[in-house]
Structure formats: C-alpha cells, structure tokens
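First comes the structure, then the notes that go with it.
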Amino acid sequence: MKRVFLLLLLLISFSLYSQNVDLFIWAGQSNALGRQGDAAEYPEDTNNLDNQIQFNWTVANGSNSAGWTTMQAQTGYFPDGHFGPEVTFSRKLVEAGYNPAIFKFTQGATSIFQHWQGPGDGGLYDAMTTNLNTAITALENQGLTVTVKGFIWIQGESDSNSPAAATAYFNNLTTIINDFRGAVIDDVNLPILLGVDEQFFNLVDHEQHEQHEILNAHQDIALNDSTIKFTSMYGYPKADDTHLTPTGLINHGEDLFNSFQLLVSGEYPSANCVLSSVGNHDSFERRSWDNHLLQIVQV
C-alpha cells in the first residue's frame with residue numbers, strides 16, 4: 001500500500017510539473033536563424049532530449065513549423081535543413097531542470113531600422129509579437145501554464161550598413177525591449193541576452209565611428225540593466241565573413257545557456273563576457289570602441 005501511495009505521489013508531481021512550460025523567445029537575423037547551420041551536421045542527441053523540448057519556429061517571409069513541434073532541424077537552405085544555437089541552448093535547459101519551449105522568429109539580413117521596426121509600425125517586430133501571442137494561446141489550450149523565462153536577441157549587423165540605422169540603433173533596440181517587456185510579456189525584469197557578431201566586417205572598420213554604435217548600444221543597454229547581458233561571438237568559427245559554422249552554432253548555444261545561468265544567478269550582472277569558453281573568454285571594454293581600437297581584455 002505504501003508503495004502504491006508513493007507511486008501516486010510521483011505521478012501527481014510529474015503531472016503538475018509537466019503542466020508548466022518555460023518559454024524562451026529567440027529572435028534576430030542570420031546567426032540567430034543558423035543560416036550556415038547545415039543540418040547534415042545537426043548535433044547528435046544521445047540522451048534523447050529533443051523530444052522533451054517544444055519548438056515553434058518561423059523564418060519571416062519563408063518557411064515555418066506550422067505551430068508547435070519538438071526540437072529539430074528546420075527546413076530550408078540545405079538538403080537536410082538547417083539549425084541554430086537554440087538546439088544546444090535548449091538541451092542544456094532540459095539538463096538544468098527546465099521544461100523548455102522555444103519560440104523562434106528570425107530572418108537573415110534584417111535591420112531594426114528597415115525591417116523589424118518598432119511596435120505598431122507593421123514590421124517584423126509586430127509580426128513576431130502576433131505570432132508569439134498565437135503560439136502562447138496554443139500552449140495554454142493544451143492545458144499548459146506558460147511562464148516566459150527569457151528573450152534572446154542576436155541581431156545588429158544589418159543596422160551597421162548605414163549611418164542613419166547605426167545612429168538610431170540604441171533607441172530602436174531600447175524601444176523594442178521596453179515594449180516587449182511591458183506590453184507583450186508584462187515582465188519589466190524579463191532576463192534578456194543580447195548578441196552581435198563583433199567580427200562582422202562593418203563592425204570592425206574603425207575608420208567609421210557610426211558602426212561602433214551597434215556594439216556600444218548592446219553593451220550600454222546591458223551595463224545599465226542588471227537583467228540584461230551582452231554576450232560575445234568573438235572567436236567562433238565561421239563559414240564566411242558573417243555566418244557561424246555548425247560547430248560555431250553548437251558552441252554558441254552552449255555559451256548562451258551559460259550566460260543565461262550567470263545572468264539569472266545575479267553573479268555576473270555586468271555587460272562584459274566572463275566565461276572561459278570558445279566565444280566568451282574575451283571581453284570587449286566599452287571604451288575600446290570609443291578609442292577606435294580593437295582591444296581584447298582577458299577577464
């Protein structure tokens with residue numbers, strides 16, 4: 001009888017846990033999408049974690065998952081499809097005890113200035129929030145309680161293509177963050193990870209100061225908000241001038257998870273990257289961009 005009672009308790013506990021979903025929103029351009037993440041090199045799922053991760057993905061003006069599925073490669077770009085950093089990021093979440101659902105909305109070569117725009121402007125940001133609300137409702141209609149745990153924004157390279165876009169980037173990204181937290185999620189302290197490719201050719205051209213404003217914006221926003229962290233892609237292997245290789249995407253996802261854990265722990269609330277890993281072992285000081293010098297500081 002005692003054994004039956006314990007079994008019932010375990011079943012009830014599992015049922016209660018399974019009714020709660022930890023939702024992470026993933027958005028941005030090509031390195032968030034995984035443009036060179038050839039799914040022929042999709043990371044092996046030796047512990048069968050992908051089936052424990054709910055996944056809803058959209059490539060704006062392209063393919064989509066048509067609702068919720070489980071973690072997998074997305075169709076397009078390669079015969080076997082493609083994948084991004086969300087794969088290893090979400091697997092690490094499962095291993096850490098989360099019950100993750102990943103909502104991914106991305107499109108390559110897109111700027112906030114021209115494509116994402118701001119709330120109410122009819123751009124990709126509005127499309128993302130509309131799709132997100134539909135996706136959350138779909139989970140709730142399954143009887144699930146949805147808790148939004150984080151927002152990952154990997155974007156900025158395309159805003160470096162013009163001085164006007166670069167100059168407006170700080171205000172444009174701040175507007176998106178404030179609206180997303182306040183009007184969409186209703187959590188002004190929602191943890192946020194920001195990332196941009198510091199090695200993107202426009203961002204390392206130190207003869208043009210306006211290009212540095214993208215990096216400055218990411219770091220300044222994080223420096224002034226202990227619930228936002230700037231993360232680094234510096235040192236990841238690339239397939240070309242812009243896009244991470246499958247190995248780079250795998251490493252990036254793992255490092256993003258580590259950065260998220262550090263952020264929510266409150267242990268390292270600063271904008272600087274502090275991890276000893278492929279991409280995050282080097283930290284860019286904010287003043288280095290002002291001085292027009294590529295200065296890498298070991299931390």
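The values are calculated or read from the model by the stated rules, or taken from the named source; none is laboratory data. Note that this is a predicted model, so its numbers are computed, not measured. Every residue, glycine among them, receives a Cβ derived from its backbone with ideal geometry; neighbour counts consider all protein chains shown.
Quick check on segment 92-99. Is at least one of its residues part of a strand (DSSP E or B), under 30 Å from PRO43 (Cβ atoms), hydrophobic (A, V, I, L, M, F, W, C) and at pLDDT 95 or above? No, that holds for no residue. Scan segment 243-251 and give yes if some residue there is of a type in the set (Val, Ile, Thr) and within 10 Å of LEU194 (Cβ to Cβ), otherwise no. No, that holds for no residue.
Per this entry, PHE257 is not counted among residues that are touching an Asp or Glu at 6+ places or on another chain (Cβ under 6 Å) and hydrophobic (A, V, I, L, M, F, W, C).
So in segment 210-237, with the set limited to residues that are small (Gly, Ala, Ser) and part of a loop (DSSP other than H, G, I, E, B), which one is surrounded by the fewest Cβ atoms within 10 Å (Cβ to Cβ)? Across segment 210-237, the extreme among qualifying residues is SER226. Evaluate the following for THR174: is it in a helix (DSSP H, G or I), free of Cβ contacts under 8 Å to residues at least 40 places away in the same chain and either crowded, with 16+ Cβ neighbours inside 10 Å or of a type outside the set (Phe, Trp, Tyr) (or both)? For THR174, the condition - in a helix (DSSP H, G or I), free of Cβ contacts under 8 Å to residues at least 40 places away in the same chain and either crowded, with 16+ Cβ neighbours inside 10 Å or of a type outside the set (Phe, Trp, Tyr) (or both) - is not met. Among all positions in segment 135-152, there is at least one residue which is surrounded by 23 or more Cβ atoms within 10 Å (Cβ to Cβ) and closer than 20 Å to HIS243 by Cβ. Scan segment 30-50 for residues that are among the hydroxyl-bearing types (Ser, Thr, Tyr) and in a loop (DSSP other than H, G, I, E, B) and report the count. Qualifying residue count, segment 30-50: 2.
Considered as a group, the residues in segment 92-113 that are free of Cβ contacts under 8 Å to residues at least 60 places away in the same chain and out of contact with any helix residue (DSSP H, G or I) (no Cβ under 7 Å at 6 or more places or on another chain) include one that is nearest to ALA183 (Cα to Cα), and that residue is GLY97.
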